[in-house]
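Please treat every number below as a calculation from the coordinates, not as lab data. Everything numeric in this text was worked out from a predicted model, so none of it was measured. Glycine gets a Cβ as well: all are built from the backbone with ideal geometry, and neighbour counts include every protein chain shown.
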Amino acid sequence: MIDEGFLIGEALVGEEPEIAHIDLIIGSKKEAVGTAFACSIAQPRQGHTPILGVIRPNLPTKPTTLIVPKVSIRNLADAEKMFGPAQSAVAKAIADAVEEGVIPKAEVEELAVIVSVFIHPRGRDYQRIYRYNYAATKLALSRAIQKFPEIDKVLEEKDKSIHAMIGFKMNNLKKPPYLEVALDIPDWRRVEGIIRALPRSDAIIIEAGTPLIKRYGVEVVQKIHQLRPETVVFADLKTLDTGNLEARMAGDATADVAGFSGLAPIGTMEKFIEECKKVGTLSLMDTLNVPDPVEVLRKLKVKPDIVELHRAIDVELYQNRGQEQESEWGNIGEVREVCGNDVLVAVAGGIRLKKVKKALKAGADIIVVGRAITAAKDVTGAARGFLQQMSVEDVDQFRVMTDF
């Protein structure tokens, strides 16, 4: 069943406070799992003493199973939950897996199982503790045997889901188009009112504009997240120097996206992008006043996640490989050629409702809108108008999955 080494499984089942979370490894007694098994029994830690999995006293399960508490056992009540319903549930689930053929009966004496068990200190219902830990152990074990998940599943799901314990969802900007609402007003009271009026939509990005950040500091991003924890917040720093330092500051302030100026030195831009990757923040190059954004992008060894193109409201002519082409924002296609198809392109500059479809047709992923929304008498209605023109749907990416 196991060619070499060991297999790993994990499962979360149930509802608080009796919710069960199981981490499990299964492998040969002669290899790493057997060594870990013996060392855990020989060297117990206070509050986390491992115990054998027994279906009832004097009846240990097979394959031999070791249960390790995740949460410190601080009193008799905690010990009773672990030594009673949790221990029995895990042991029974392992034995049932043998009976059902998940673990070959002929191999039970060769294998060992280590199960890490979470029991919430506020859990009281023994029935639920038993049933949840039984189900979680069986699911974790079957996932281990199946080597679930495959890497393709991980890559598919990583930007759709978020851990339930965080309490909010993350939007990794994988499903454009998006509406970016630029808050360039250096008045927090007005900004707060606008944020509260914006629709709750996964398609909205909130920009902490440069004037807002200059007045209140980059920590204003945290204040925005306190109002809208699920919304992507962009810190428009327009960094020109000390790229790694300012990117780190934005990340520490919980910015989902951080922006630097395309006028900065190449080394500064590259350090900014690399630091953003380290802290899990998307990097954005602002091309305001950059004569040839594509040429700057060609010089970068590492490319930004987002390129924001600023152009005048009126149609302008620009030179592209010796040919004049009509565009308001530049050659979006050439930006993708240089940066790759995964780059997001944002367009800004006097965009009104009638311009939205044209911008999207030109290849824009993010529509940046300022006063057309923030200065509107009906902020909610104005934002919804843009979302409707973009034909976006509200998608709840907050999912807890026990199976696929």
Using only the alpha-carbon atoms, what does segment 2-104 span along each of its principal axes? Please give whole angstrom values in decreasing order. 41, 31, 27
Between residue 38 and residue 154, take the C-beta separation as r, use R0 = 41 Å, and let me know the FRET efficiency to the nearest 0.05. 0.80
Neighbour-count order for 354, 81, fewest beta carbons within 10 angstrom listed first: 354, 81
Of 257, 240, 309, which is farthest on the positive side of the dipole of segment 166-390, counting Cα position, with +1 on Lys and Arg Cβ, -1 on Asp and Glu Cβ, and the Cα centre as origin? 257
For the chain, what is the charge dipole size about the Cα centre, in debye to the nearest 20, if Lys and Arg each add +1 at the Cβ and Asp and Glu each add -1 at the Cβ? 900 debye
Say we join alpha carbon atoms closer than 10 Å with springs in a Gaussian network model of the chain; which of 383, 250, 42 then has the biggest fluctuation? 42
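Placing +1 at every Lys and Arg Cβ and -1 at every Asp and Glu Cβ, with all other atoms neutral, what dipole size does segment 135-229 have around its Cα centre, in debye to the nearest 20?
Working: 17 positive and 12 negative charges, 65 e Å.
Using only the charged Cβ atoms, the result is roughly 300 debye.
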Take every Cα-Cα pair in segment 14-64 and report what % of them are more than 17 Å apart. 54 percent
What size of dipole, in debye to the nearest 20, comes out for segment 6-148 about its Cα centre when the only charges are +1 on Lys and Arg C-beta atoms and -1 on Asp and Glu C-beta atoms? 200 debye
As an exercise, take the mean of 1/r over every pair of distinct alpha carbons in segment 166-390, invert it, and state the Kirkwood radius in angstroms. 17.5 Å
Where Rh is the Kirkwood radius over the Cα pairs of segment 199-264, the temperature 4 °C and the viscosity 1.567 mPa s, what D in µm²/s does Stokes-Einstein return? 109 µm²/s
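Does segment 123-266 come out rounded, prolate or oblate, given a ≥ b ≥ c as the square roots of the eigenvalues of its C-alpha gyration tensor, rounded meaning a/c under 1.5 and, failing that, prolate meaning a/b above b/c?
prolate
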Between residue 10 and residue 192, what FRET efficiency follows from the Cβ-Cβ distance if R0 is 45 Å, with the result rounded to 0.05? 0.65
If you rank 276, 39, 339 by fewest surrounding Cβ atoms within 10 Å, what's the result? 39, 339, 276
What whole-number distance in Å separates the alpha-carbon centres of segment 16-86 and segment 117-156? 15 Å
Among the aspartates and glutamates, which fall within straight-line cross-link reach of residue 358, defined as a Cα-Cα distance under 20 Å, with same-chain neighbours fewer than 8 residues apart omitted? 180, 308, 314, 316, 324, 326, 328, 334, 393
Of the residues 192, 308, 31, which exhibits the maximal mean-square fluctuation in a Gaussian network model of the chain defined by a 10 Å Cα contact cut-off? 31
Counting only DSSP beta bridges with both partners in the chain, the antiparallel fraction in percent, to the nearest 5, comes to 40 percent
Exposure proxy order (Cβ contacts within 10 Å, fewest to most) of 137, 239: 239, 137
Run down the lysines and flag those whose C-alpha is under 29 Å from the C-alpha of residue 357, throwing out any fewer than 8 positions away in its chain. 160, 169, 174, 175, 238, 303, 377
